[in-house]
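Worksheet: the structure to be examined is printed underneath.
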Amino acid sequence: MEDSIFTKIINGEIPSHKIYEDELVIAFLDIHPINTGHTLVVPKSQVEFMWDLDD
């Protein structure tokens, strides 16, 4: 599977304004926010479908 834009952000290949990070997730500001402070929280493991994530 090719790296997604989120994987590239996690790996530091694409710059981001990180709000939070731990071993499972990363949270960063959206580059096109609907509202000020719009934050995305994404898992660090790349899967094709959301339901493929571990509980």
Go ahead and set up a Gaussian network model of the chain, Cα springs under 10 Å, then flag whichever of ILE34, ILE26, ILE14 fluctuates most. ILE34
Under a 5 Å amide H to amide H cut-off, with H placed in plane at 1.01 Å, what residues pair with ILE19 once short-range neighbours are removed? ALA27, PHE28, LEU29
Along principal axes, Cα extents of the chain, largest first, whole Å: 31, 24, 20
Short version: ³J(HN,Hα) in whole Hz for each residue of region 17-25, in order, from phi by Karplus 6.51 cos²θ - 1.76 cosθ + 1.60 (θ = phi - 60°), x for Gly and Pro, what are they? 9, 6, 9, 7, 7, 9, 6, 10, 9
If each DSSP helix of 4+ residues adds -39,500 (n - 2.57) and the sum is divided by the residues in the chain, what number results at 222 nm, nearest 500 deg cm²/dmol? -2500 deg cm²/dmol
Let me spell out the model: positive unit charges on the Cβ of Lys and Arg, negative unit charges on the Cβ of Asp and Glu, origin at the Cα centre of the chain. What dipole size does that give, in debye rounded to 20? 340 debye
Considering Cα pairs under 8 angstrom that are at least six residues apart, work out the relative contact order of the chain and quote it in whole percent. 27 percent
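Throughout, read-outs are computed from the coordinates displayed, never taken from laboratory work. All values derive from a computational prediction rather than experimental measurement. Here the Cβ is made from the backbone with ideal geometry for all residues, glycine too, and neighbour counts use every protein chain on show.
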